[in-house]
1. Roughly how crowded by other chains is peptide B:141-148, in terms of the mean Cβ count from those chains within 10 Å of each of its Cβ atoms?
2. I'd like the mean, over residues of A:654-663, of how many other protein chain beta carbons sit within 10 Å of each residue's own Cβ.
3. In deg cm²/dmol, rounded to 500, what helix-only [θ] at 222 nm does chain B give when every DSSP H run of at least 4 residues adds -39500 (n - 2.57) and the total is split over its residues?
4. Given Cα pairs under 8 Å that are at least 6 residues apart, what percent is the relative contact order of the range A:319-549?
5. Hey, what angle do you get for helix B:60-69 against the long axis of chain B, alpha-carbon based, 0 to 90 degrees rounded to 10?
6. In cubic angstrom, how much convex hull volume per residue do the alpha carbon atoms of the range A:218-295 span?
7. Please work out the Cα center distance from the range A:581-613 to the range A:482-517, rounded to the nearest Å.
8. Place the peptides A:76-85, A:602-611, A:336-345 in order of packing, highest mean first, counting for every residue the other Cβ atoms within 10 Å and averaging per peptide.
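What follows draws every value from the coordinates through simple rules; no lab data is involved. As the structure is a computational prediction, the values presented were derived from the model and not from experiment. We place every Cβ from the backbone using ideal geometry, glycine too, and count neighbours over all the protein chains shown.
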């Protein structure tokens, strides 16, 4: 495994350096994405090997800096995340080799490719790091590289603002992570994760709770827990699409890794019930609000970014349920909840990356991200359409896809709350499940909008009319992820035993044999008697039903003749203006949840003088209130600016004044020291 | 025999005091060209001090540093500064942030502070030159003060160079000079600083029709 790890690092390093050594774009492209893809393949092997091996691989290199050792540890949890990162990294780098043509002439392909390799490397090392100091360095490198990638197209309006917003949020998050580690450091006197895991003395209860919250805020800012999610809909769409896929599919998952590492590994076993409950509430709110805001987005990539908030919420629901069960000693259910969360983690990585790559393909073909300007693309881009559909069905958690399996497991772990002794939690977990059901329904509406308005009916703009299918490398990248989604959905018997190896050391019990009944054909939440599903059988039933329908039509409709004709439009010619728009599609939901959206609608009409039945000119505007930005972030920013304004008095711009500041400080320090 | 009563030690002290006197003269001088001359004189005293220390201790590299001081600070830099003054046609410092009598009083206070601060350190030393440390600190502080008190860019440069002289004297006093490579680096830095200020004052003149750095406040947004 050491050889694999070395190979992985070498591939990424080569991929980071080689593209900068040449000036010919196609060589840069080949080096950068070839190396990243090779590293992806090695990473997949390493991840699976790490999951299967019985003893974790640990390497370390001492340094001169106090408390810093370059320690790496590949335990099952880290291996799982390495696997996830490598899978998406492989797809994204294959895709990117065709996609970067979009940027040719505007952005250096070599630089973009080099940054991509660096970004993948830093993410891989973040989950491998076994020293707090080393982890923080890598975390910062990851954040800064992703910032650099977000502002790739810095000449476009809004991109730099989005980048700055991201940079500020991620640094606030990092500050809280540092606080978390400092609390552990104060207790153990070392930054080594091994010391965090086995402290000499247990932290006092108050400090542990503070560490719980600092970790939640710190990692939550990266992963996009409501209300720390506000940067996602700006930053993720601003980046090039393969980077968005990595950020949304994988980077925010490193924060999930951080949360599991801190809660289950460092503080393992001992937490009060309200920790899990806090996570559960955060998850429910994130899931529901994420999907609600996604529904109102008509920029395809912003819509997908909002969906990330939703899916992170679902992952947190699984984790939170697992933590609650853990508190009450129901270890099998705890393992189930955590396993459901992790399953959804890799599922979300697969389908969200797929959807972002699909959105990138649409942008590549039409040069716009606005859903209202798409339409009729399925005919023009059949492969992209098919892959996007697989991703869309998965994110909407329709059976028998991968999203369905993991969301079903989350549901089951929430329903099993009747085994809990506390009446309050017995009541609360099913409510969370109900909210999750609402989330699922809204998600379905949202992807119906996204897919239907983009791919069906007639093109709504010249861009869409002239779209053509994207290059093969991009299709291969998307096809790989579509295949991955299918495998993850239809073959839980392959996935669950691997995930079980991650959760078993954290919760103390292995549940793989209980989750998989009948040789793995049926998935059950620990007890088969409670409920069970089988996605392969479901898939067979669905395919069989379709085949049966065709067969019936063939058999019974023998005398009938098929005629092909235009859609009937009441005698008028059909035009794109008659189509359902994305705004119209989302309107009923906007009305129902008016209290949350606080929409403002403005309609200006100008009539002919002769009659008010004839409109000469009209203008329609509709906004929803960004509640969190207005009521939570705006006051903070205003306060900061006001304070800065006051402090400007000492910043007079006079050279002599600055010299005086330095001089007075110097003399005072000298006097104080003397 | 205690170090302070050694003849060599007393000679070093004498040279250091001459350096300090030059500082006061610079603070009291309005004419720019005279300021530059006084700086050259101070540098010459510094070179003399360094050579004296080299002679007394037998550290050969200090001779080298003394020679560099003469070349750069007594000859090259004053020439650059005089050229700048000629070209810009400014001879006198008219407006000052702090007038000369008050400035001299403050400088006196700074010398007292410097001696007060170094008082606990000096008895710990065993070098011939240890008493110069207080004077070196005083020179640094006065140089800094000159940069604050004067408005013309050229006198600020002189203040900066005086500070640098103080640092050099301090290094000689506390440790018989820095390693040669460091000294070479410092001399190079000073030379570059001189060139930059030459160009900077020129640009300042072009932009504001004055070399008064107070006018820089209009750059504030």
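1. Counting other chains' Cβ atoms within 10 Å and averaging over B:141-148 gives 4.
2. 6
3. Value at 222 nm, helices only, nearest 500: -24500 deg cm²/dmol.
4. This gives 29 percent for the range A:319-549.
5. Compared with the principal axis, the helix lies near 20 degrees.
6. 86
7. Cα centres, the range A:581-613 to the range A:482-517: 48 Å.
8. Descending packing order for the listed peptides: A:336-345, A:76-85, A:602-611.
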